[in-house]
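Notes to accompany the following structure.
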Amino acid sequence: MLYKKGIFPVLLVTVLLLLFITRPSATEHAQNTLTADQFRLLDGETVINLQRNDDDIVDVSGSIYIHSMPETIWTVITDYNNLANTMPRVKESRVVQENGNVKIVDQTSKTGVLFLKIKFSTRMTITEVFPDTLSFELISGDFETFNGKWVLTPHKEENGTFLSWSARVKPDFSAPGFIIDAVQKRDLRQLLETIKKLSEPGLTAPSEKEKKEVQKHQSAHKG
């Protein structure tokens, strides 16, 4: 009876229209799946978290949003032999062994605050899963524990990437815990923001010659 009077087709069309109208778009769906921290990152924040445990092992993590896709950022963070020319605090960096996606990298870095200056070296096993994750594990060096990973999460709606770094860290040198915590948070923020600058369109990493010129001018200024 409903079909003969033409009511059923009208109801069916109405239901289909409502389903089409209320169906969320791809962009709306992506927005609904973002975390609170990711919204902060999209607003331009650099999010750093640090927790010191009873065994003096520190869980530290940081994230930033970069207006580039993971493949571009990957080339910046895996340019191991050039990190001393591009990354803050890194004085030496080189690949000493390579086996496919697994590499052994030696690094020497220098950090500190005020009167406290710390120079430390590490040998790490780095396992690459292009272009999503890069995990690192301490082999030897000036730490009891230093293991963690990079994670690159694409945000295709904005043609960008959420870049995250996290690690469990316990230095093998003496310094007040509150100073180490402050330095770690500062250094991680600088590292993430440097990677952002080097990865976004129109910006390139400084050459070795350019870095030496900067160091030359800094030395002259101090003198």
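The values are calculated or read from the model by the stated rules, or taken from the named source; none is laboratory data. None of the values given here were measured: they were computed from a predicted structure. Using ideal geometry, Cβ is built from the backbone for each residue, glycine included, and neighbour counts are taken over all protein chains shown.
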Review point. Here is a list of conditions, (1) touching a residue at least 60 places away in the same chain (Cβ under 8 Å); (2) surrounded by fewer than 16 Cβ atoms within 10 Å (Cβ to Cβ); (3) in contact with a Lys or Arg (Cβ under 9 Å, 6 or more places away or on another chain); (4) assigned to a helix (DSSP H, G or I), and residue 81 meets all of them except one; can you say which number that is?
Key: (1)
Revision key, fill the gap. When every residue in the stretch 191-204 that is assigned to a helix (DSSP H, G or I) and surrounded by fewer than 16 Cβ atoms within 10 Å (Cβ to Cβ) is compared, the one nearest to the chain's Cα centre (by Cα) is 193
Review point. From 153, 161, which residue is in contact with a helix residue (DSSP H, G or I) (Cβ under 9 Å, 6 or more places away or on another chain), surrounded by 16 or more Cβ atoms within 10 Å (Cβ to Cβ), modelled with pLDDT of 95 or more and polar (S, T, N, Q)?
Key: 161
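Kindly provide the set of residues from the stretch 172-220 that are of a type in the set (S, T, N, Q) and modelled with pLDDT under 90, ordered by number. Before you say what the answer is, go through the steps one by one.
Step one: filter the stretch 172-220 for residues of a type in the set (S, T, N, Q), giving 174, 184, 190, 194, 199, 204, 207, 215, 218-219.
Selection gives 174, 204, 207, 215, 218, 219.
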Practice item. Answer yes if at least one residue in the stretch 89-102 is under 15 Å from the mean Cα position of the chain (by Cα) and acidic (Asp, Glu), and no otherwise. Key: no
Practice item. Check 126, 118, 104, 73 and return the single one that is in contact (Cβ under 8 Å) with a residue 60 or more places away in the chain, surrounded by 14 or more Cβ atoms within 10 Å (Cβ to Cβ), touching a Lys or Arg at 6+ places or on another chain (Cβ under 9 Å) and assigned to a strand (DSSP E or B). Key: 118
Review point. Which one of 159, 147 is out of contact with any strand residue (DSSP E or B) (no Cβ under 6 Å at 6 or more places or on another chain) and polar (S, T, N, Q)?
Key: 159
Check your understanding: How about the stretch 24-60: which of its residues are over 15 Å from residue 195 (Cβ atoms), of a type in the set (Ser, Thr, Tyr) and either surrounded by 15 or more Cβ atoms within 10 Å (Cβ to Cβ) or modelled with pLDDT of 90 or more (or both)?
Key -> 35
